[in-house]
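See below for the structure under consideration.
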Amino acid sequence: MKKMVTFVLTKTIYTMKKFLIALVALFAITTVASAAPYKLDDAAIDDVIENAVPVSPVALMAEIPASLPAGMPATASVSAGKSPVGAILLTFFLGGFGIHRHYMGTRPWMWAIYTFTFGGIFGVVPLVDFIVEIVALAEDNSIARYCGNTSFFMWG
């Protein structure tokens, strides 16, 4: 019993020493790092503000050409450059982590949903994604209808 109490006290003292050292280091860093050498030149700031040119969003919109150049599509496609085979391979190998959804365009945190639901509801969602992608490839050789989908179930 005495050894156990000695061990606990030793460990507590060691932890307190580490905390004290970290506190001293933090104090030293904050003391040394100060903003004293930085000075604001009020005259220069006032000069910049006085010589600023006001910009109106309406004026900026007027500068945009009304018609697009020949050959340029009116809307951008999310699936541009997205290979159906690449999406299928990503789904097969990394589907449990939702990597294929990022490839096709989705919310930035979709990987977390796939990962923390143990591979998309224990692997069911990536399996259905895989099947849906294969069917889409067989039907129209495109995954465009699933690109840019932000919902958890891309086929829904």
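The values are calculated or read from the model by the stated rules, or taken from the named source; none is laboratory data. As the structure is a computational prediction, the values presented were derived from the model and not from experiment. Cβ sites come from the backbone with ideal geometry, for glycine too, and all protein chains shown count toward neighbours.
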Every residue from region 122-156 that is under 19 Å from G105 (Cβ atoms), hydrophobic (A, V, I, L, M, F, W, C) and assigned to a loop (DSSP other than H, G, I, E, B): I143, C147, F152, F153, M154, W155
Enumeration of residues in region 128-142 that are touching a helix residue (DSSP H, G or I) at 6+ places or on another chain (Cβ under 8 Å) and either at pLDDT 90 or above or outside the structural domain of R101 (by TED's automatic domain parsing) (or both): D129, F130, V132, E133, I134
